[in-house]
Amino acid sequence: MVTATTSTGTTPTTQATQTTSNPYINLPVLEHRQAPKKYKGRHRDLDRFLYHYKHLCIQYNITDSAQKCLGLLPYCSDEVAKTIENLESFIQKYFKDLVKALRWLYDGDRKKAEYYTGNLEEFTNKWGQTYIQDLETQKVSKGIYQDCQCTQNCRTS
């Protein structure tokens, strides 16, 4: 409430201070150079996406948890946005819990070793010169080889 003095005396008047009811609308639009890339649900992209989004919230002074939750949706694909909208932490507008739920849901904490063609060549050269003496050693080498094939096939598709 602001008190103003008029020429006739001291008559209190009320002026409403204008505040933006939705500060998340000030965030840059998708595909703007400052905006994060659209999150499509890949676990490898989650950490970078959340890191960028949190920094945007700091830059644009968005501190309210509800506003952070609402501002996250435009940067997600439709499928991911629908999933987020159904999470309990989003409904209750708890941003920290929403981040935890996203990490759990999209395996953001998963650290999987990636094998490339160079790794496969090195592996086959090394193991091609040794003899497999027991079944357990053979299972381990077969598992690593299958991981290499899966990664190579996934990258070409």
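None of the figures in this text is laboratory data; all of them are computed from the coordinates on show. In this text, all values refer to a predicted model and were calculated from it rather than measured experimentally. We place every Cβ from the backbone using ideal geometry, glycine too, and count neighbours over all the protein chains shown.
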Subtracting the Cα-Cα distance from 0.36 nm times the residue separation, let me have the gained length for K100 to K126 in nm, one decimal. 5.2 nm
Within the set K37/K126; K38/K96; K38/K126, which residue pairs have Cα atoms separated by over 30 Å? K37/K126; K38/K126
What fraction of the Cα pairs in the stretch 24-105, stated in percent, has a spacing above 19 angstrom? 28
Could you give me the ³J(HN,Hα) list for the stretch 51-64, computed from phi with Karplus coefficients 6.51, -1.76, 1.60 and θ = phi - 60°, whole Hz, x at Gly and Pro? 4, 5, 5, 5, 5, 4, 4, 5, 4, 8, 6, 9, 10, 6
Just to confirm a number: summing +1 for Lys and Arg and -1 for Asp and Glu over residues other than E31 whose beta-carbon lies under 12 angstrom from that of E31, what do you get? +3
Residues whose modelled amide H sits under 5 Å from the amide H of Y39, counting only those 5 or more places away in sequence or on another chain, are C76, S77
